[in-house]
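One structure is given below, encoded as structure tokens.
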Amino acid sequence: MQIEVRPSLIVKSQGKSSVDLVWLSQILKEIESGSSLVVASKKSGTSYRGAWGKLNEVEATLGMPLIVRTKGHGSKLTEFGSFLFKFIDEMQAGHLKYGGSYQEALLKEINQIQKSESARWKFFSSSDSIIQQAVREVKGFNLKIAGSGESLERLLNNEADIAGYHVSNEQSSKAIHQRLSKSDIQIYPVMKRTQGLIVKKGNPRHIRSIEDLLNQKIRFINRQIGSGTRLMLDTLLINEGIDPFEINGYLQEEFTHSAVANAILADKADVGIGVKNIALENGLGFVPLQDEIFFIAMHKEMVSQPESSKLIRKIRSYSGNTPGYKAVSLNRQVKDWL
């Protein structure tokens with residue numbers, strides 16, 4: 001595939017009409033080198049009559065003669081004709097640069113779509129940068145970001161082949177494990193991560209705990225209903241006896257940890273709920289609240305797929321080398337959660 005940008009001149013004629021300036025440059029250069037218009041038009045793939053017609057249209061539009069026609073001596077370029085084909089060549093050189101960039105962008109989009117369409121397995125997962133990084137490395141998965149609850153429901157309803165979810169307490173984890181096991185779904189712990197309050201650099205509001213969110217001068221940004229992070233926060237609020245609707249911004253939601261960080265960076269909020277590594281990546285402060293376990297769940301037939309094992313290994317590898325995470329590779333490491 002090749003994209004070529006070619007400049008055209010809109011000419012004065014009945015209806016909309018244009019002349020390809022690259023074609024015009026070729027015609028003019030042929031005449032400059034001594035060829036007749038008959039030869040020049042033939043080389044350009046245009047009839048003699050058609051070439052004359054286009055040249056006349058260009059001259060009428062520009063108001064400048066391009067060719068001097070001398071009976072018995074053929075045609076010669078005018079001074080402006082010589083200038084014009086050089087001008088067109090210089091302009092085309094600039095256009096070629098843009099054609100290359102557009103071609104690169106088009107090929108990139110084609111490759112991305114082809115990769116997505118060639119994916120064999122649907123992977124719904126809670127938002128996490130390590131999950132996204134691992135999927136980019138392992139072919140075969142079409143990742144859709146969703147809350148932990150939605151991801152598990154998709155898996156249980158056979159709308160997903162694999163799901164990623166996280167839980168922040170043993171009781172909830174055991175209940176989920178029991179429900180999935182009844183449906184013959186395999187569960188693998190892959191990493192532990194730290195959730196907490198993402199605050200501005202230097203923590204100018206001096207936020208130390210979720211109780212500080214009751215200060216009406218502090219603007220909070222929440223995660224969406226159905227996400228594991230939202231569930232963790234709501235559980236903590238219940239345990240602390242805090243009415244969530246007394247928090248300024250409790251109903252303001254974002255759908256990813258990165259979106260929460262961006263809202264704080266843009267000064268749309270003073271604090272939000274999210275994972276530690278996102279705060280660190282964006283140069284923001286962080287107040288830890290609770291560790292949680294991230295699990296990968298899949299239908300039994302997925303277990304035998306080598307890509308599944310590769311995906312889990314990638315997640316564990318990346319989490320073992322990322323601040324705010326710790327790799328979990330054995331059930332006995334989280335035996336109280338299963």
Practice prompt. Of all residues in region 211-225, count the ones that are part of a loop (DSSP other than H, G, I, E, B) and open to solvent by 80 Å² or more (accessible area, probe 1.4 Å).
Written response: 3
Worksheet item: What do you reckon, is Arg208 surrounded by fewer than 16 Cβ atoms within 10 Å (Cβ to Cβ) and either assigned to a helix (DSSP H, G or I) or not aromatic (Phe, Trp, Tyr) (or both)?
Response: yes
Worksheet item: Considering region 296-324 alone, what residues qualify as being open to solvent by less than 50 Å² (accessible area, probe 1.4 Å), in contact with a Ser or Thr (Cβ under 7 Å, 6 or more places away or on another chain) and in a helix (DSSP H, G or I)?
Response: Met302
Fill in: Residue selected from region 25-66 under the condition farther than 20 Å from Arg6 by Cβ and in contact with an Asp or Glu (Cβ under 8 Å, 6 or more places away or on another chain), by the criterion modelled with the lowest pLDDT
Val39
Worksheet item: When you look at Asn282, is it modelled with pLDDT of 95 or more, open to solvent by 40 Å² or more (accessible area, probe 1.4 Å) and either among the acidic types (Asp, Glu) or on the phi < 0 side of the Ramachandran plot (or both), yes or no?
Response: yes
Worksheet item: Which members of region 189-246 meet the condition of being among the aromatic types (Phe, Trp, Tyr) and in contact (Cβ under 8 Å) with a residue 40 or more places away in the chain?
Response: Phe220
Worksheet entry | Scan of region 260-295 for residues that are part of a helix (DSSP H, G or I), aliphatic (A, V, I, L, M) and in contact (Cβ under 8 Å) with a residue 60 or more places away in the chain, ordered by number | Val260, Ala261, Ile264, Ile278, Ala279
Fill in: Search result, residues across region 258-283 that are touching a Ser or Thr at 6+ places or on another chain (Cβ under 6 Å) and within 11 Å of Arg223 (Cα to Cα)
Ile273
Discussion item. Show the residue pairs meeting these rules: Cβ distance below 9 Å; 6+ apart or different chains; first residue within region 44-72 and in contact (Cβ under 8 Å) with a residue 24 or more places away in the chain; second residue open to solvent by less than 50 Å² (accessible area, probe 1.4 Å) and of a type in the set (D, E, K, R).
Written reply: Lys54/Asp20; Leu66/Glu59; Ile67/Glu59
Fill in: region 250-266, subset open to solvent by 80 Å² or more (accessible area, probe 1.4 Å) and modelled with pLDDT of 95 or more, residue farthest from Thr322 (Cα to Cα)
Leu251
Worksheet item: Is it the case that region 151-169 has a residue that's part of a helix (DSSP H, G or I), open to solvent by 60 Å² or more (accessible area, probe 1.4 Å) and in contact (Cβ under 8 Å) with a residue 60 or more places away in the chain?
Response: no
Discussion item. Among the listed residues Ile293, Ile198, Ile247, identify the single one that is open to solvent by less than 40 Å² (accessible area, probe 1.4 Å), among the aliphatic types (A, V, I, L, M) and touching a Gly at 6+ places or on another chain (Cβ under 6 Å).
Written reply: Ile198
Worksheet item: Considering only region 54-79, how many residues are part of a helix (DSSP H, G or I) and loosely packed, with under 15 Cβ neighbours inside 10 Å?
Response: 4
Practice prompt. Could you tell me whether Gly272 is open to solvent by less than 10 Å² (accessible area, probe 1.4 Å) and in contact with a strand residue (DSSP E or B) (Cβ under 6 Å, 6 or more places away or on another chain)?
Written response: yes
Fill in: Checklist (1) part of a helix (DSSP H, G or I); (2) open to solvent by 40 Å² or more (accessible area, probe 1.4 Å); (3) within 27 Å of Ser209 (Cα to Cα); (4) at pLDDT 95 or above applied to Asp336, failing item
(4)
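The values are calculated or read from the model by the stated rules, or taken from the named source; none is laboratory data. Because the structure is a prediction, the values reported are computed rather than measured. With ideal geometry, Cβ positions are generated from the backbone for all residues, glycine too; neighbour counts draw on all protein chains shown. Please note that ligands, DNA and RNA were not included when accessible areas were found on the heavy atoms of the full protein model with its side chains. Shrake-Rupley method; radii C 1.70, N 1.55, O 1.52, S 1.80 Å.
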